[in-house]
Amino acid sequence: MDVRAQVTTVFHLDKCIGCHTCSIACKNIWTDREGTEYMWWNNVETKPGTGYPTKWEDQSKYNGGWERTKNGKLRLKSTSKKSIPFNIFHNPNLPTLDDYYEPWTYKYEDLFNAPEQSSQVTAMPKSLITGEIIEHIKSGPNWDDDLSGSPIYAENDPNLSAVSDDIRKQMFAVERLAFFYFPRICNHCLNPACVASCPSGALYKRGEDGIVLLNQERCRAWRSCISACPYKKTYYNWSTGKSEKCILCFPRIESGQAPACMHSCVGRIRYIGMTLYDADRIVEVANLDDNQLAEGMRSLILDPRDPEVIEAAQRNGVHDSVIEAAQNSPSYKFIKTWKLALPPHPEFRTLPMLWYVPPLSPVLASLDTGKVSNSTDELFESVEKFRMPISYLANLLSGGNEGLIRYSLKKMLAVRMLQRHKTVGDIERGTVDKMLKEADTTEREATEIYRLTSLATFDERFSIPPAHREEAIESVGVVQEHKASAGFGFKFAPRRGL
Ligand code: SF4
Ligand code: SF4
């Protein structure tokens with residue numbers, strides 16, 4: 001057992017209101033510079049939708065992530081040592097500016113300098129790349145905002161490939177339209193394709209907390225990371241000639257503060273905590289079949305109260321304050337204890353460490369009685385009739401495993417019904433008890449879930465200790481190992497004296 005620490009994030013999709021405050025907080029701090037105009041290290045998409053850059057989930061278009069070879073090894077889809085020299089001047093997998101969007105500002109000076117006239121003065125959009133006026137803006141970082149019924153955006157969502165024609169028809173019937181928001185940052189993956197792809201060794205995974213960073217001094221603009229990341233969360237800065245990515249606000253984290261996106265989140269959907277995981281099993285888990293990957297990833301995360309795990313973590317130089325933070329981690333509860341959160345597209349095999357609690361949504365048919373049913377069968381059947389079909393959510397969050405989505409939704413529905421019984425009173429006690437049992441939970445656990453979901457204080461949502469730089473574990477030989485093998489592992493120099 002090789003125990004390491006990882007900053008692990010959970011986003012609760014039921015709580016996101018799509019206000020984009022997170023994106024703006026991030027933009028103001030990190031990407032308000034020349035060359036970064038089109039970058040959104042944090043972006044919020046509407047699902048169903050094509051996202052940013054457009055159709056990023058479609059790996060037949062971008063070739064991101066890992067694939068299994070016949071002899072059971074993993075290899076990057078986008079690149080290999082042999083292909084890099086041939087792709088120096090043309091990387092066929094890179095998204096173009098059109099796939100992102102042409103960033104723009106407005107000619108605000110016209111509002112002040114226009115001569116007196118009878119019509120209202122407007123500020124025309126102006127390209128931040130060419131400086132020219134843009135007559136018609138064609139796309140933006142959240143161009144499909146709320147367009148759940150659009151034939152151009154929602155209907156071209158790559159996750160719809162697993163949805164049957166019947167359900168698809170129902171999804172896009174005007175009276176049944178539904179959508180949810182999907183905020184995204186770098187997942188700080190356990191098996192990061194970006195790190196493995198970089199010929200210059202510019203990308204590395206920090207030993208002490210697993211944050212994936214990009215060394216600007218070493219970056220040589222190969223842009224392999226941009227192709228290799230299946231989530232498209234590294235970006236090329238045309239002004240500096242270097243790539244950049246989300247750094248999880250590590251200077252803030254090191255001083256005990258939350259990342260700006262979390263700190264500013266209006267819906268309080270973001271939970272960040274330490275987890276301990278077994279790095280010895282990364283290769284094995286990344287090789288599992290698509291629909292086993294999410295469960296496999298869960299099994300990588302270790303019980304931080306288990307004495308054996310604690311001892312192995314200490315042997316590896318994990319600081320006691322990190323172990324304590326892992327024991328109080330909200331992420332651990334959502335992912336491991338309650339099994340509510342799931343990883344986005346585990347089939348990309350980068351083992352992302354940003355997990356999502358799937359959204360509950362209204363049922364497809366309208367309720368005609370005006371009363372809530374007191375039959376558990378009917379209540380749970382509503383999960384199957386949710387406007388956001390289980391097959392769609394499974395394609396997004398569990399490698400197609402519908403059972404994991406059903407489990408999570410049923411448990412959340414039971415939590416909701418328990419609260420309804422307590423506050424509204426129209427659900428009978430017997431019905432609630434049956435629901436809790438069928439959803440594999442208890443009143444005590446359901447109350448804890450309700451509390452962390454709805455009432456949690458900042459300290460309950462954020463469990464990362466300030467950094468002990470003097471104790472930091474150095475990550476050594478990242479590139480060499482990633483080049484030599486399929487890209488796993490990063491050796492640690494253990495704390496002296498252990
Ligand atoms: S999402 Fe994963 S592969 Fe993509 S940049 Fe982040 S760590 Fe790298
Ligand atoms: S700030 Fe929070 S609620 Fe608003 S869009 Fe971002 S993640 Fe969603």
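Some points to look at:
- Residue match in region 442-449 (condition: at pLDDT 95 or above and open to solvent by less than 20 Å² (accessible area, probe 1.4 Å)): yes
- Yes/no for residue 332 being within 16 Å of ligand 1 (Cβ to nearest atom), buried (at least 20 other Cβ atoms within 10 Å of the Cβ), at pLDDT 75 or above and outside any loop (DSSP other than H, G, I, E, B): no
- Residues of region 1-11 classified as assigned to a strand (DSSP E or B) and either surrounded by fewer than 19 Cβ atoms within 10 Å (Cβ to Cβ) or near ligand 2 (Cβ under 9 Å from one of its atoms) (or both), total: 1
- Residue 61 being closer than 30 Å to residue 287 by Cβ, outside any loop (DSSP other than H, G, I, E, B), open to solvent by 10 Å² or more (accessible area, probe 1.4 Å) and assigned by TED's automatic domain parsing to the domain that holds residue 241: yes
- Number of the condition not met by residue 267 [criteria: (1) in contact with a His (Cβ under 9 Å, 6 or more places away or on another chain); (2) more than 19 Å from residue 40 (Cβ to Cβ)]: (2)
- Region 15-28: number of residues that are surrounded by 15 or more Cβ atoms within 10 Å (Cβ to Cβ) and more than 8 Å from ligand 2 (Cβ to nearest atom): 3
- Filtered by the rule that a residue be hydrophobic (A, V, I, L, M, F, W, C) and over 21 Å from residue 280 (Cβ atoms), region 316-334 gives 325, 334.
- When residue 271 is tested against (1) closer than 30 Å to residue 178 by Cα; (2) away from ligand 1 (no atom under 16 Å from the Cβ); (3) modelled with pLDDT of 95 or more; (4) open to solvent by 10 Å² or more (accessible area, probe 1.4 Å), just one condition goes unmet, and that condition is (4).
- Check on residue 113, of a type outside the set (A, V, I, L, M) and either more than 25 Å from the chain's Cα centre (by Cα) or within 23 Å of residue 39 (Cβ to Cβ) (or both): yes
- Figure legend. Inter-residue proximity from region 176-192: first residues more than 21 Å from residue 17 (Cβ to Cβ), second residues within 16 Å of ligand 2 (Cβ to nearest atom), beta-carbon distance below 6 Å, spacing 6+ or different chains. Indicated pairs: 186/233; 186/246; 187/354.
- No other residue among 167, 185 is of a type in the set (A, V, I, L, M), within 16 Å of ligand 2 (Cβ to nearest atom) and closer than 26 Å to residue 15 by Cα apart from 185.
- One residue from 177, 147, 190 being under 18 Å from residue 354 (Cα atoms) and either more than 16 Å from ligand 2 (Cβ to nearest atom) or surrounded by fewer than 23 Cβ atoms within 10 Å (Cβ to Cβ) (or both): 190
- One residue stands out among those in region 153-198 that are farther than 21 Å from residue 391 by Cα and of a type in the set (Val, Ile, Thr): the one that is nearest to the chain's Cα centre (by Cα), which is 185.
- Residues that are surrounded by 24 or more Cβ atoms within 10 Å (Cβ to Cβ) and more than 8 Å from ligand 1 (Cβ to nearest atom), drawn from region 193-203: 196, 197, 198
- For region 29-49, taking the residues that are aromatic (Phe, Trp, Tyr) and either in a helix (DSSP H, G or I) or within 14 Å of ligand 2 (Cβ to nearest atom) (or both), the one that is most open to solvent (accessible area, probe 1.4 Å) is identified as 30.
- Residue match in region 210-221 (condition: crowded, with 24+ Cβ neighbours inside 10 Å, within 21 Å of residue 346 (Cβ to Cβ) and free of Cβ contacts under 8 Å to residues at least 60 places away in the same chain): yes
- Among residues of region 274-292, those that are touching a strand residue (DSSP E or B) at 6+ places or on another chain (Cβ under 7 Å), open to solvent by 10 Å² or more (accessible area, probe 1.4 Å) and away from ligand 1 (no atom under 16 Å from the Cβ), counted: 2
- Subset of region 222-247 (residues that are open to solvent by less than 10 Å² (accessible area, probe 1.4 Å) and at positive phi): 232
- Here residue 293 fulfils each of the conditions (1) touching a residue at least 24 places away in the same chain (Cβ under 8 Å); (2) away from ligand 2 (no atom under 16 Å from the Cβ); (3) outside the structural domain of residue 391 (by TED's automatic domain parsing); (4) among the hydrophobic types (A, V, I, L, M, F, W, C) apart from (3).
- Residue that is nearest to the chain's Cα centre (by Cα) [pool: residues in region 377-415 that are of a type in the set (S, T, N, Q) and in a helix (DSSP H, G or I)]: 395
The values are calculated or read from the model by the stated rules, or taken from the named source; none is laboratory data. Note that this is a predicted model, so its numbers are computed, not measured. FYI the Cβ positions are ideal-geometry reconstructions off the backbone, even for glycines, and counts take in every protein chain you see. Ligands, DNA and RNA are excluded from the accessible area calculation, which covers all protein heavy atoms including side chains. Shrake-Rupley method; radii C 1.70, N 1.55, O 1.52, S 1.80 Å.
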